[in-house]
Structures are given as C-alpha cells and as structure tokens.
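Structure, as structure tokens:
Read-outs: derived from the displayed coordinates by stated rules, not from any lab. Keep in mind that this is a model prediction, so the values were computed, not measured. Neighbour counts are summed over all protein chains in view; Cβ atoms, including those assigned to glycine, are modelled from backbone coordinates with ideal geometry.
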Amino acid sequence: MTERSALRTLAHPLRSRLLAELRVHGHATATELAQALDTHTGATSYHLRKLAEVGLVEDTGTGTGRRRVWRALDLAPAMGQEDEPLDEDDAQAADWLALDYLAYFGDQARSWLLRKDDEHPAWRETCGLEDHMVQVTAEQATALRAELLEVLERYRRVGQGNPQARRVVVYTCALPLPPSVTGRAGQP
C-alpha cells in the first residue's frame, strides 16, 4: 500500500465515513455499519474490502461464516504528506478528504453540544470545544505536533482495559493565522 493509493481510496464519502465509524466506535460488521450509516450492506461490504486492499481496515478474523468483523488500522502520521508534490488528482482527493473530515468534525461537535446536558458533570466539565493560541516557528509546530501525538498515544495505552474508561476522540487542528492576525509586538 502507498499513501497515495490510500488517499485515493479514502476520497469517497462512504469509505471515509466507514473508516471514521470504525475509528470512533470500534469493531463492527458490515451490517452494523450499514445501519449506523443508513446505507446498504452490499455497498458497505464492497467499500470495506476496498479500504482493506490499501491497509486502512482489516477483518479481525473473529466473525463466523459470512459475518466478518472489521476494525480500523492506525493511520500513518504523515498520511497525505509525502515529500513529492501531489498530482492534480491526488491534490483534489486530499482537498476533498480534508473538507469531508472538517464536516465530520462539525457533525461530532454538534452532536456533543446537543447531548452534553445528558452527560455526567465530570464529562461536561472536561470535554468540549476550546482553542489555544501559541506563537511558534514551523519547526516548533512540528515538535508541538510530535509531543501531542506522544501524549495521545500514552493515554491510548493507559485507558485500555479500564472499565471506567470511555472512548474519547481528540481532534487537533493547528492552523496558522494570516500575518495580519498574528498579534502586535510579537504577542500571540
């Protein structure tokens, strides 16, 4: 599998949603995914196989008969960030995927805001939307991203097997502000 073949395969509305559903909610069958995404099992099965061909999902081997249980595989940290420039088709696929991801994030954030009052106060106080302004060079932003990924990986490990732990999705989105908005006198 190459990152480009994965990018091209993933730049499809149902495939991106299937992968997101598996990453957020864990293992599932094609039937369960079809119900969650309001689509047909045949289409779901087909697109899961396409995702498996490029190494984005795999059959866990725990299903019986034709009932296959699928799981998402970890994405490479630099997915879509190869040194070579993308050709026009790959660039369009990457842009579509980024916009689709943004829409998915918006849906997830909206869902949290609508149901947060039903959550335990500890979860309401801890989770939600926030932003943090920092002033860094491109090299420092690279180091910041690496440190955040290390922290997330550590918490991924320590939460496994804890009956009190819940799955929590953490979105990161470092966006450099235009020069006219970066602050006065070096202030962030």
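What does the convex hull of the Cα atoms of region 97-155 come to per residue, in Å³, rounded to a whole number?
Values: hull volume 7.4 nm³, N = 59.
Residue-normalised Cα hull volume stands at 126 Å³.
Of 69, 6, 168, which is farthest on the positive side of the dipole of the chain, counting Cα position, with +1 on Lys and Arg Cβ, -1 on Asp and Glu Cβ, and the Cα centre as origin?
Checking the options against the dipole of the chain, the answer is 69.
Please give the helix 41-53 orientation as an angle from the longest Cα principal axis of the chain, in degrees from 0 to 90, rounded to the nearest 10.
On a 0 to 90 degree scale, this one is about 60.
Divide the volume of the convex hull of the Cα atoms of the chain by its number of residues and quote the answer in cubic angstrom per residue.
Enclosed volume per residue, from the Cα hull, is 169 Å³.
Quick check on packing: order 8-18, 49-59 by the mean number of other C-beta atoms within 10 Å, highest mean leading. Write out the running numbers ahead of the final one.
Working: 8-18: 20.2, 49-59: 17.7.
The peptides rank, most packed first, as 8-18, 49-59.
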